[in-house]
Amino acid sequence: MSILRYPVPGTIGIRWTFSTPVAHNRGVEITVRPLQVEDAEAMVAAEDEETVRWLTGGRSTVEGTRRYVRHLETRAATGSTKRAFTIRVDGHCVGSIDHDADPQDGIGPGDVNIAYTLAPWMRGLGITARAVGLLCAQLGAQQAGERAVIRCETDNVASVRVAEKAGFSVSHEVPSTNEHGEPVQMQVYVREL
């Protein structure tokens, strides 16, 4: 297993383009680009109650998001495997996706956890599943792990649908805690890289 390495900090050659009858029957370009400080405003604007409930545990601020990006950059320089990217539709930031091979509940050696969020006005169009597929392809090409893993609470129907559409299968259920420290059951979905 190897860690994803990027030739220049903050850049990566992930770019996957496809045309599909999404967003009023026009072709769209979906790209995944490293999260940068200048993406903070778009990321905060794309946040809603579902994002807070299932992912962040609280409302984000532009300055807090900028600090988070700088924190990720610092951690990456010290060997952390967590990397965050923006999901873009026709060049516009509409969400985020990240990966992390550090051990977590339900994640074993060789597993790479993937988490994501998408702006509410873009949900239900298959965009997140395609972004997950793009990231999995890059992780596989970089030999970053053996399996991609998506962990989601059992009643997070939207996240379950993304995992299934992206070719993941249920592996097991594991007790965990949410962003508030409350006990929850997590479904663990896996896909070979």
Contacts under 7 angstrom Cβ, first residue in the stretch 104-115 being in contact (Cβ under 8 Å) with a residue 12 or more places away in the chain and of a type in the set (A, V, I, L, M, F, W, C), partner surrounded by 19 or more Cβ atoms within 10 Å (Cβ to Cβ) and assigned to a loop (DSSP other than H, G, I, E, B), 6 or more apart: Val112/Ala101; Val112/Ala144; Val112/Gly145
Test set (1) modelled with pLDDT of 90 or more; (2) more than 15 Å from the chain's Cα centre (by Cα) - Gln142 fails condition number: (1)
Any hit, the stretch 116-124, residues being assigned to a helix (DSSP H, G or I), surrounded by fewer than 17 Cβ atoms within 10 Å (Cβ to Cβ), modelled with pLDDT under 90 and among the small types (Gly, Ala, Ser): no
Residue check for Ala148: touching a residue at least 24 places away in the same chain (Cβ under 8 Å), in contact with a Cys (Cβ under 7 Å, 6 or more places away or on another chain) and closer than 18 Å to Glu192 by Cα: yes
Residue ID - surrounded by the most Cβ atoms within 10 Å (Cβ to Cβ), chosen from residues in the stretch 27-44 that are assigned to a helix (DSSP H, G or I) and touching a strand residue (DSSP E or B) at 6+ places or on another chain (Cβ under 7 Å): Met43
Exclusive hit being farther than 20 Å from Ala144 by Cα and either free of Cβ contacts under 8 Å to residues at least 60 places away in the same chain or crowded, with 20+ Cβ neighbours inside 10 Å (or both), set Thr86, Thr65, Thr78: Thr65
Residue count, the stretch 134-145 (criterion: assigned to a helix (DSSP H, G or I) and touching a residue at least 40 places away in the same chain (Cβ under 8 Å)): 7
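The values are calculated or read from the model by the stated rules, or taken from the named source; none is laboratory data. Please read these numbers as outputs of a predicted model, since none were measured by experiment. A quick note on method: Cβ atoms are made from the backbone with ideal geometry, for glycine too, and the neighbour counts reach across all protein chains shown.
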